[in-house]
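Enquirer: Just passing along the structure, written as structure tokens.
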Amino acid sequence: MAIRKITIVGAGRVGEATAQFLAKNELCRELVLLDVQEGVAQGGALDIQQSAPLFNFDTRVTGSTDYELIADSDLVVITAGKPRKPGMSRSDVLDSNLPIITDIMNQVMRFAPQSLVMMVTNPVDVLTYHAWRHCGWNRTRVFGQAGVLDSARMASFISAETNLSVKDISAMVLGGHGDTMLPLIRYTTINGIPLTHFLDQQTIEKIIERTRHGGFEILRLRQTSSAYDAPAASIAAMVDAIRHNRKRILPCVAILQGEYGEDEVAMGVPSVLGEDGLERIVELSLTEEEQAQFKRSVEAIRADLAHITKA
Ligand SMILES: NC(=O)C1=CN([C@@H]2O[C@H](COP(=O)(O)OP(=O)(O)OC[C@H]3O[C@@H](n4cnc5c(N)ncnc54)[C@H](O)[C@@H]3O)[C@@H](O)[C@H]2O)C=CC1
Ligand SMILES: O=C([O-])CC(=O)C(=O)O
């Protein structure tokens, strides 16, 4: 399916930064920003549109509170809802964000029933699963962004420690988007050379810990807002892969149906992204220790899923 029209629901910090990236890079012809707060999406869209003559893009950006505008979107990116505050975990915003995602999915199912859906709102693994369950679409069409960001953070920390170009670093982070995520050292290389060739175990452990708490580190520094630049760039990388049918392998939040021995859960795994969305999951062989860590991550997500089925 060719991507011509993209809607971003939630014109806050992540939504607006994403809109700027998508427009500047002409990743769609038509871009709609939607928000519940009157004027927020309209103002954001106008501001971005007025940068078009300077950045030289033809993407048409509109903002609204009215879901009719999202009709015929090929892709809907959901960045609406509460971000966590310092001292909170991502799961702490689940109760606030769950009804928001249910409402948004009802509108998407009504006005853009053919679209792909990319979840960004936290806790992203749980909400990707909830959105998919709610709409009942093929799992290729409902997926989430987390691992591209976590891997980019890890790559930037590796670059700082090794003093080598990020361009040559390929980092791989699996699992849930939280403290239990799995930065996978065995699958992290610098131009094909294993990371262990360049760094000792102690430095590697430090990078793993910093990656796991990458979002928290920014929130602690900023206090009033969590990260939005690198998250928006990560969303744009996924949109680029879909829009250009690149078949890139990127870590995405995917609905698991037997892969990695898991079912009825969504979490970060390497996935092939192309014009049909999350087209395929790549199953890596894991050591016993990695499998145990993966399982711990699944269990953390299942605890939140159990909470929402009780609610
Ligand atoms: N998956 C990931 O890697 C990342 C996820 N996030 C998550 O993205 C979400 C948004 O973060 P920010 O942009 O920083 O928050 P923000 O507070 O700046 O923006 C959220 C926007 O959502 C809007 N909104 C709330 N309810 C809505 C509804 N029912 N329909 C439409 N719009 C609605 C608000 O009016 C606001 O403009 C948070 O849950 C945050 O934790 C943020 C960074 C990375
Ligand atoms: O830390 C947060 O709450 C936002 C987020 O998911 C991230 O930046 O990784």
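Each value in this text was obtained by applying a stated rule to the coordinates, not by laboratory testing. Remember, it's a predicted structure, so these values are computed and weren't measured experimentally. Here the Cβ positions follow ideal geometry from the backbone for every residue, glycine too, while neighbour counts run over all protein chains shown.
Enquirer: Which is within 14 Å of ligand 1 (Cβ to nearest atom) and either part of a helix (DSSP H, G or I) or not aromatic (Phe, Trp, Tyr) (or both), of Ile242, Ile218?
Expert: When all the criteria are applied, what remains is Ile218.
Enquirer: Continuing with the same structure: Out of the residues in segment 124-151 that are among the small types (Gly, Ala, Ser) and touching a residue at least 60 places away in the same chain (Cβ under 8 Å), which is farthest from ligand 1 (Cβ to nearest atom)?
Expert: Checking each candidate, the answer is Ser151.
Enquirer: Mind telling me which of the residues Leu286, Leu278, Leu256, Leu250 ends up being touching an Asp or Glu at 6+ places or on another chain (Cβ under 8 Å) and aliphatic (A, V, I, L, M)?
Expert: So the residue among Leu286, Leu278, Leu256, Leu250 that is touching an Asp or Glu at 6+ places or on another chain (Cβ under 8 Å) and aliphatic (A, V, I, L, M) is Leu256.
Enquirer: Taking segment 205-248 on its own, how many of its residues are under 14 Å from the mean Cα position of the chain (by Cα) and of a type in the set (A, V, I, L, M)?
Expert: 11
Enquirer: Still on this structure: Could you go through segment 37-47 and let me know if any residue there is touching a residue at least 24 places away in the same chain (Cβ under 8 Å), crowded, with 19+ Cβ neighbours inside 10 Å, of a type in the set (A, V, I, L, M, F, W, C) and within 30 Å of Met181 (Cα to Cα).
Expert: Looking for residues that are touching a residue at least 24 places away in the same chain (Cβ under 8 Å), crowded, with 19+ Cβ neighbours inside 10 Å, of a type in the set (A, V, I, L, M, F, W, C) and within 30 Å of Met181 (Cα to Cα), one finds none in segment 37-47, hence no.
Enquirer: Can you name the residue in segment 269-311 that is surrounded by 18 or more Cβ atoms within 10 Å (Cβ to Cβ) and among the β-branched types (Val, Ile, Thr) and, of all such residues, is nearest to Thr102 (Cα to Cα)?
Expert: Looking at residues that are surrounded by 18 or more Cβ atoms within 10 Å (Cβ to Cβ) and among the β-branched types (Val, Ile, Thr), I get Ile301.
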